[in-house]
Structures are given as structure tokens and as C-alpha cells.
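All remarks here apply to the structure that follows.
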Amino acid sequence: MSSRALAVVRAALMWTASALVVVVAVLAFVVSFEAISDFAVQVGAFPRNLRYCAPLLVDSFTAAATLVILWLSLTGQRLATAWDAWYAWALIGTATCVSVAINVAHAPDTNAARLVAAV
């Protein structure tokens, strides 16, 4: 294969992988949004008219920290030594754990349902 053909294939694969990541992220956000907002109302953490705030607060940390990591990587900073990167990764990990925990807590009381909610 010529280098031009390889470049075209590489670009197509990158666009396809990027599209799949976006689709999975959107689907995960929608499912998680419903679970977290229902759970926040159910436990009395938020009133029904503000139910949308709970998932936005949790998932906004993940989105913002991911954008920080992306920005740092695009600027060429060494992520291993950048304090901003460590802080962003900590936010991603913490927010993801909170999201998974709430999704699992909201799931029906079966192992299968909790496993699906965790994914």
C-alpha cells in the first residue's frame, strides 16, 4: 500500500473511532443522566424541579477535566509532570466513581441490573 493510501485509511479509522467514542459517550450520558436525576429526587437530595442539576454537576466534572487533559496534550506539555494533568485525572476518576456508584445504587436489586448500571 502506498503512503498516501495508508494516510487515507488512518484518517478514516481515526474518524470512525472518534465517532464511536462520541456515540458511546452520548449514550452513557443520557442513561446516566436519567439514573442520577431520578436517584437525587428519590433520596431527597434535589427537588423534582431541579432534578437535572445532579447529573450535570457530576458529569460536568468529567467533561471539564477531559477537556483539560485534551488541551494539555495538544499544547505539547508533558502530562506526567503537569500538576494540571494530575488534578484533571483525579477529577475524572472521582467523578466517574461517583457516577458509577449512583447508577449502581439506583439500579434494581439484582446483580445483573447493577452490573449493567455500572457499565
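Scanning the range 1-27 for residues that are open to solvent by less than 80 Å² (accessible area, probe 1.4 Å) and not β-branched (Val, Ile, Thr) returns Ser2, Ala5, Ala7, Ala11, Ala12, Ala17, Ser18, Ala19, Ala25.
Among residues of the range 46-59 that are open to solvent by less than 50 Å² (accessible area, probe 1.4 Å), those with a Cβ under 8 angstrom from a residue that is in a loop (DSSP other than H, G, I, E, B) and modelled with pLDDT of 90 or more, sequence gap 6+ or separate chain, pair up as Cys53/Phe46; Ala54/Ala45; Ala54/Phe46. Residues in the range 29-82 that are farther than 25 Å from Val119 by Cβ, polar (S, T, N, Q) and touching a helix residue (DSSP H, G or I) at 6+ places or on another chain (Cβ under 8 Å): Gln77 alone. Would you confirm whether or not the range 15-25 contains a residue that is over 18 Å from Thr66 (Cα atoms), free of Cβ contacts under 8 Å to residues at least 12 places away in the same chain, of a type in the set (S, T, N, Q) and in a helix (DSSP H, G or I)? Yes, the range 15-25 contains at least one residue that is over 18 Å from Thr66 (Cα atoms), free of Cβ contacts under 8 Å to residues at least 12 places away in the same chain, of a type in the set (S, T, N, Q) and in a helix (DSSP H, G or I).
Of all residues in the range 72-119, which are outside any loop (DSSP other than H, G, I, E, B), in contact with an Asp or Glu (Cβ under 9 Å, 6 or more places away or on another chain) and farther than 21 Å from Phe33 by Cα? Spell out the reasoning first.
Residues of the range 72-119 outside any loop (DSSP other than H, G, I, E, B): 72-74, 83-106, 111-118.
If we keep only those that are in contact with an Asp or Glu (Cβ under 9 Å, 6 or more places away or on another chain) as well, we get 72, 95, 99, 106.
Listed by number, the list holds a single entry, Leu72.
The values are calculated or read from the model by the stated rules, or taken from the named source; none is laboratory data. Predicted model only: the values in this text are computed from it and were never measured. FYI the Cβ positions are ideal-geometry reconstructions off the backbone, even for glycines, and counts take in every protein chain you see. When the accessible area is computed, the model is the full protein with side chains, heavy atoms only, and any ligands, DNA or RNA have been set aside. Shrake-Rupley method; radii C 1.70, N 1.55, O 1.52, S 1.80 Å.
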